[in-house]
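Okay, structure first, notes after.
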Amino acid sequence: MTRTQQELETLSTFSDAPAPAVTRVVFSEQDLRARAWLKGLAEDAGLSIREDAVGNTFLRWQGTDPAAPAVATGSHIDAIPHAGRYDGTVGVLGGLEAIRSLQAAGFRPRRSIELIHFTSEEPTRFGLGCLGSRLMSGVLPASADETLRDAEGASLRAVRNKAGFLGDLASTRVAPGAYHAFVELHIEQGPLLERRKVPIGIVTAIAAPASERITIEGQGGHAGAVLMPDRHDAFLAAAEIALALETSAKSTGAIDSVATTGVCDIHPRAINSIPSRVILEADIRDTDSARRDRMIEKLEEACRTVAARRGVRIAREEINRDTPATCDPGIIETIAEVCETHHVAFDRMVSRAYHDSLFMAKICPTSMIFVPCKNGFSHRPDEHAASEDISTGVKILAGTLAKLANEAG
Ligand code: HGY
Ligand code: MN
Ligand code: MN
């Protein structure tokens with residue numbers, strides 16, 4: 001078992017779900033334990049450690065030219081409920097292993113190489129993904145400290161302060177030019193590399209995510225006594241809207257259009273009570289933002305017609321609507337050269353999942369290195385990446401970081 005597999009195994013034990021599932025919600029006890037453990041590994045590797053006001057953690061290998069903009073890599077270690085152990089963690093522990101392998105080889109970087117562990121890449125706790133990298137890139141204003149609340153109504157400020165992350169949230173903003181490049185190692189979370197038997201994917205673009213919360217207010221009542229013609233069942237209206245969202249994605253004619261209704265809260269959730277209120281949360285994505293926005297328009301139309309026909313009230317709240325990221329051709333070329341040097345086959349491809357790279361691309365030239373995952377499964381306990389594939393990803397990442405750290409400019 002490689003050191004990285006060993007460390008992935010240890011990291012997976014910091015979880016609020018029984019193995020093989022992993023649940024590690026940002027700022028939970030398990031998340032804080034995992035953070036402390038990771039910092040221990042970084043200390044052992046002689047990296048300096050800095051944490052910002054929201055817990056983004058910067059683990060830096062000082063270069064010979066400390067003033068030069070650093071080369072960065074990294075990802076996340078938070079995990080949605082009942083997820084797997086590879087999403088995000090391969091980029092953090094694989095990034096650490098890439099640095100350690102360069103150190104062991106006696107490499108001396110001119111630019112510092114920095115491993116970033118981003119806070120809250122998953123939307124689980126505060127309803128918005130990529131919290132740490134949104135703040136670093138300035139996409140999310142510091143007012144989020146009060147406006148973002150968790151399911152208990154606790155504000156981001158209260159939760160982050162309780163976890164020990166103090167200071168003004170605005171201080172998380174990274175100055176443009178602070179980084180020379182950013183490269184994230186991640187499992188593909190799709191089946192293409194495995195299907196094509198290609199060990200490395202080089203990401204050329206990252207799909208644009210949008211999400212919204214839809215509240216449907218109907219009329220409740222007794223499940224036996226209210227006759228069907230008199231009902232205004234909020235769940236059935238919600239069901240029509242979820243199906244309309246699916247139709248909007250299937251009818252764009254493009255395979256990159258996807259949409260899911262992943263949250264459906266029914267009130268009062270009693271078998272003999274007609275649903276009076278339903279809250280849906282919809283996730284809508286496409287590599288082309290105009291096509292994505294047309295799906296949202298179709299959703300809006302469906303809400304209007306269902307509300308009128310069923311006599312329910314529907315309110316929509318946009319959570320986020322991001323632009324897609326185009327990865328940097330120079331970085332893509334560098335990764336390709338490293339693959340060629342190591343005689344490793346690769347494919348250029350789009351990422352349909354979003355990542356912190358989506359926002360790092362607003363700060364500096366960015367791309368991603370994908371490794372295959374079994375059947376393309378992710379966000380499930382049976383998510384799996386082969387040790388050999390992870391090692392290949394680490395090798396290509398190490399070679400890429402070394403090239404970028406010593407390139408001129
Ligand atoms: O949802 C995503 O694309 C990411 O895995 N958070
Ligand atoms: Mn994820
Ligand atoms: Mn991820």
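The values are calculated or read from the model by the stated rules, or taken from the named source; none is laboratory data. These numbers come from a predicted model, not from an experiment. Here the Cβ is made from the backbone with ideal geometry for all residues, glycine too, and neighbour counts use every protein chain on show. To get the accessible areas, we keep the full protein, side chains included, count just its heavy atoms, and leave off ligands, DNA and RNA. Shrake-Rupley method; radii C 1.70, N 1.55, O 1.52, S 1.80 Å.
Some observations on this one:
- Filtered by the rule that a residue be over 23 Å from the mean Cα position of the chain (by Cα), under 12 Å from Ser367 (Cβ atoms) and either within 16 Å of ligand 1 (Cβ to nearest atom) or among the aliphatic types (A, V, I, L, M) (or both), region 319-356 gives Ala336, Val338.
- Screening region 101-116 for residues that are in a helix (DSSP H, G or I) and in contact (Cβ under 8 Å) with a residue 60 or more places away in the chain and picking the one that is farthest from Thr2 (Cα to Cα) gives Leu102.
- Considering (1) open to solvent by 40 Å² or more (accessible area, probe 1.4 Å); (2) among the hydrophobic types (A, V, I, L, M, F, W, C); (3) within 16 Å of ligand 3 (Cβ to nearest atom), the lone condition that Ala345 does not fulfil carries the number (3).
Condition check ((1) at pLDDT 95 or above; (2) part of a helix (DSSP H, G or I)) across all residues:
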site	(1), (2)
Ala170	yes, yes
Ala175	no, no
His180	yes, no
Leu185	yes, no
Glu212	yes, no
Ala225	yes, no
Leu236	yes, yes
Ser248	yes, yes
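Matching residues to (1) in contact with a Leu (Cβ under 8 Å, 6 or more places away or on another chain); (2) more than 16 Å from ligand 1 (Cβ to nearest atom); (3) closer than 20 Å to Val174 by Cα; (4) modelled with pLDDT of 95 or more:
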| site | (1), (2), (3), (4) |
| --- | --- |
| Glu51 | no, yes, yes, yes |
| Thr64 | no, yes, no, yes |
| Ala68 | no, yes, yes, yes |
| Ser75 | yes, no, yes, yes |
| Val90 | yes, no, no, yes |
| Gln103 | no, yes, no, yes |
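- Single residue of region 348-376 satisfying the filter (touching a Ser or Thr at 6+ places or on another chain (Cβ under 9 Å) and basic (Lys, Arg)) that is surrounded by the fewest Cβ atoms within 10 Å (Cβ to Cβ): Arg348
- Considering the conditions (1) among the polar types (S, T, N, Q); (2) open to solvent by 40 Å² or more (accessible area, probe 1.4 Å); (3) assigned by TED's automatic domain parsing to the domain that holds Ser378, Thr334 is excluded by exactly one of them, (2).
- Which listed residue is open to solvent by 60 Å² or more (accessible area, probe 1.4 Å) and either among the aliphatic types (A, V, I, L, M) or within 29 Å of the chain's Cα centre (by Cα) (or both), from Asp293, Asp286, Asp265: Asp265
- Restricting attention to region 63-76 and to residues that are open to solvent by less than 60 Å² (accessible area, probe 1.4 Å) and assigned to a loop (DSSP other than H, G, I, E, B), the residue that is nearest to ligand 2 (Cβ to nearest atom) turns out to be His76.
- Residue in region 278-291 that is touching a residue at least 12 places away in the same chain (Cβ under 8 Å), closer than 30 Å to Thr366 by Cα, part of a helix (DSSP H, G or I) and not assigned by TED's automatic domain parsing to the domain that holds Thr400 present: yes
- The one condition in (1) of a type in the set (Lys, Arg); (2) closer than 25 Å to Pro209 by Cβ; (3) crowded, with 16+ Cβ neighbours inside 10 Å that Arg277 fails to fulfil: (2)
- For region 117-162, a tally of residues being over 21 Å from Gln30 (Cβ atoms), away from ligand 2 (no atom under 16 Å from the Cβ) and touching a residue at least 60 places away in the same chain (Cβ under 8 Å) returns 5.
- Region 143-165, subset open to solvent by less than 40 Å² (accessible area, probe 1.4 Å) and outside any helix (DSSP H, G or I), residue nearest to Phe359 (Cα to Cα): Leu148
- Taking residues in region 69-89 that are within 12 Å of ligand 3 (Cβ to nearest atom), and partners anywhere that are assigned to a helix (DSSP H, G or I) and among the charged types (D, E, K, R), the pairs with Cβ atoms closer than 7 Å and at least 6 places apart or on different chains are Asp78/Asp31.
- Selected residue (criterion: most open to solvent (accessible area, probe 1.4 Å)) from residues of region 77-100 that are near ligand 2 (Cβ under 10 Å from one of its atoms) and of a type in the set (A, V, I, L, M, F, W, C): Ile80
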